[in-house]
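The values are calculated or read from the model by the stated rules, or taken from the named source; none is laboratory data. Since the model is a prediction, treat every value here as computed from it, not as a measurement. Cβ atoms come from the backbone with ideal geometry, glycine included; neighbour counts cover every protein chain shown.
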Amino acid sequence: MELDDNTFDTVVSTFVFCTVPDPIKGLKEAYRVLKPGGTAIFLEHMKSNLRLLNIPLYLMEPFIKTLLGTSMLRETQKNIEKAGFKIEKVENLFFNIVRLIIATKPTDE
């Protein structure tokens, strides 16, 4: 993104990081433009923490990926942390597959 570092107080993502080719790179860009102490809000679907629920996701993955270009098996919550965000709250909205994640950018940047 052609934006300065530390530009925004808040960033919001809704069902984005299941489709971008390099989700960690995209998350790092969101992190870069967020001001220290800023809030990131993610509403995303991802691989479930409940293994049995992942069976249908694995079965649907080839079709969903071909038709919609999206992955149901990304580990977005882990990727958010890998990008440097501190997760403050996770709300499971649909069988641990759809989650609302509130994260912050640490102020010690």
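The table below lists the values:
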| read-out | value |
| --- | --- |
| Answer from Arg99, Arg51 - the residue that is at pLDDT below 90 and among the basic types (Lys, Arg) | Arg51 |
| Every pair of residues 6+ apart whose Cβ atoms lie under 7 Å, when the first sits in region 49-70 and is among the acidic types (Asp, Glu) while the second is surrounded by 13 or more Cβ atoms within 10 Å (Cβ to Cβ) and not in a helix (DSSP H, G or I) | Glu61/Ser71; Glu61/Met72; Glu61/Leu73 |
| Residue satisfying condition, being in a helix (DSSP H, G or I), surrounded by fewer than 16 Cβ atoms within 10 Å (Cβ to Cβ) and not aromatic (Phe, Trp, Tyr), within set Leu53, Leu43 | Leu53 |
| Conditions (1) surrounded by 12 or more Cβ atoms within 10 Å (Cβ to Cβ); (2) outside any strand (DSSP E or B); (3) touching a residue at least 12 places away in the same chain (Cβ under 8 Å); number of the one not met by Gly38 | (2) |
| Residue among Ile80, Ile102 that alone is crowded, with 16+ Cβ neighbours inside 10 Å and in contact (Cβ under 8 Å) with a residue 40 or more places away in the chain | Ile80 |
| Some residue of region 41-49 being basic (Lys, Arg) and over 20 Å from Leu100 (Cβ atoms) | no |
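For (1) touching a Gly at 6+ places or on another chain (Cβ under 9 Å); (2) among the β-branched types (Val, Ile, Thr), each residue gets a yes or a no:
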| site | (1), (2) |
| --- | --- |
| Asp5 | no, no |
| Thr10 | yes, yes |
| Val16 | yes, yes |
| Lys35 | no, no |
| Ile41 | no, yes |
| Asn54 | no, no |
| Leu57 | no, no |
| Phe63 | no, no |
| Thr70 | no, yes |
